[in-house]
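Peer 1: Quick one: this structure, given as structure tokens, is what I'll be asking you about.
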Amino acid sequence: MLSKSLLVVVLCMIPLNSQFASSVCIEATALAKAKEYSKAKELFLKAIKINPYHYAAHYGYGKTCLYSGDMNNAIKHLDIAVTLDKTSARGWFYLGFAYFFAKNYVKANHCFKEAYRLDASFVESLYNIAVIYEITGDSYKSRVYFNKYFYEKEKKDTGLLF
């Protein structure tokens, strides 16, 4: 009985016009997919203001900044996102791109490796790692990662279960 009363009190304290960060993120994501980046950024920032610990708000804002060319904010918010959820392969993957475009190849390399370690379906990480090694002059590691990429990309599922 006490828990129901407490729930009613808490619900009464929430303003009627308030939104949850997740619902704002859904709307912002739709705008970002429609390439309305400035409107999407505003909503993602609103979601961050509602809940500064919301992974999707930081991830969405960071990715939108990446697509709109704002690398500083992309790095800042994607870094926050992977701090909030260290198991997010997609967060690491896009943080890698932000560092790559900012020409911080050491950090980009780390992020792409982390994305692939967390989820082997991110085979494009291997390609990006190969490109980074090529840019930085390590032709041996570049070939190794290109070979890994093409092997994984062309690998077929045999359908055999053991």
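Peer 1: Just to check your reading of the model, which residue among 108, 102, 89 is over 10 Å from the mean Cα position of the chain (by Cα), open to solvent by less than 30 Å² (accessible area, probe 1.4 Å), within 23 Å of residue 61 (Cα to Cα) and of a type in the set (A, V, I, L, M)? It would help to see each step written out before you state the result.
Peer 2: Details: 102 fails: open to solvent by less than 30 Å² (accessible area, probe 1.4 Å); 89 fails: over 10 Å from the mean Cα position of the chain (by Cα).
Checking each option against the conditions leaves just 108.
Peer 1: Okay, next question. Just one of the numbered conditions (1) part of a helix (DSSP H, G or I); (2) in contact with a Leu (Cβ under 7 Å, 6 or more places away or on another chain); (3) of a type in the set (Ser, Thr, Tyr) is not true of residue 83; which one?
Peer 2: (2)
Peer 1: May I ask you to verify whether residue 37 is hydroxyl-bearing (Ser, Thr, Tyr), at pLDDT below 95 and touching a helix residue (DSSP H, G or I) at 6+ places or on another chain (Cβ under 9 Å)? It would help to see each step written out before you state the result.
Peer 2: Numbers: hydroxyl-bearing (Ser, Thr, Tyr): yes; at pLDDT below 95: yes; touching a helix residue (DSSP H, G or I) at 6+ places or on another chain (Cβ under 9 Å): yes.
For residue 37, the condition - hydroxyl-bearing (Ser, Thr, Tyr), at pLDDT below 95 and touching a helix residue (DSSP H, G or I) at 6+ places or on another chain (Cβ under 9 Å) - is met.
Condition check ((1) over 29 Å from residue 60 (Cβ atoms); (2) in contact with an Asp or Glu (Cβ under 9 Å, 6 or more places away or on another chain); (3) at pLDDT below 95; (4) among the small types (Gly, Ala, Ser)) across all residues:
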site: 129; (1), (2), (3), (4): no, no, no, no
site: 144; (1), (2), (3), (4): yes, no, no, no
site: 154; (1), (2), (3), (4): yes, no, yes, no
site: 161; (1), (2), (3), (4): yes, no, yes, no
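Peer 1: For segment 30-47, name all the residues that are among the aliphatic types (A, V, I, L, M) and open to solvent by 40 Å² or more (accessible area, probe 1.4 Å). Outline the logic, then answer.
Peer 2: Kept after step one, since they are among the aliphatic types (A, V, I, L, M), are these residues of segment 30-47: 30-32, 34, 40, 43, 45, 47.
Listed by number, the residues that qualify are 30, 34, 45.
Peer 1: Please determine, by comparing only the residues of segment 50-78 that are of a type in the set (D, E, K, R) and more than 20 Å from residue 124 (Cα to Cα), which one is least open to solvent (accessible area, probe 1.4 Å). Lay out the reasoning, then the answer.
Peer 2: In the first step, residues of segment 50-78 are kept if they are of a type in the set (D, E, K, R); the result is 63, 70, 76.
Now restrict to residues that are more than 20 Å from residue 124 (Cα to Cα): 70, 76.
Details: 70: 46, 76: 111 Å².
Within segment 50-78, the match that is least open to solvent (accessible area, probe 1.4 Å) is 70.
The values are calculated or read from the model by the stated rules, or taken from the named source; none is laboratory data. Just so it is clear, the model here is predicted, and its values are computed rather than measured. Cβ sites come from the backbone with ideal geometry, for glycine too, and all protein chains shown count toward neighbours. SASA here: full protein model, heavy atoms, side chains in, ligands and nucleic acids out. Shrake-Rupley method; radii C 1.70, N 1.55, O 1.52, S 1.80 Å.
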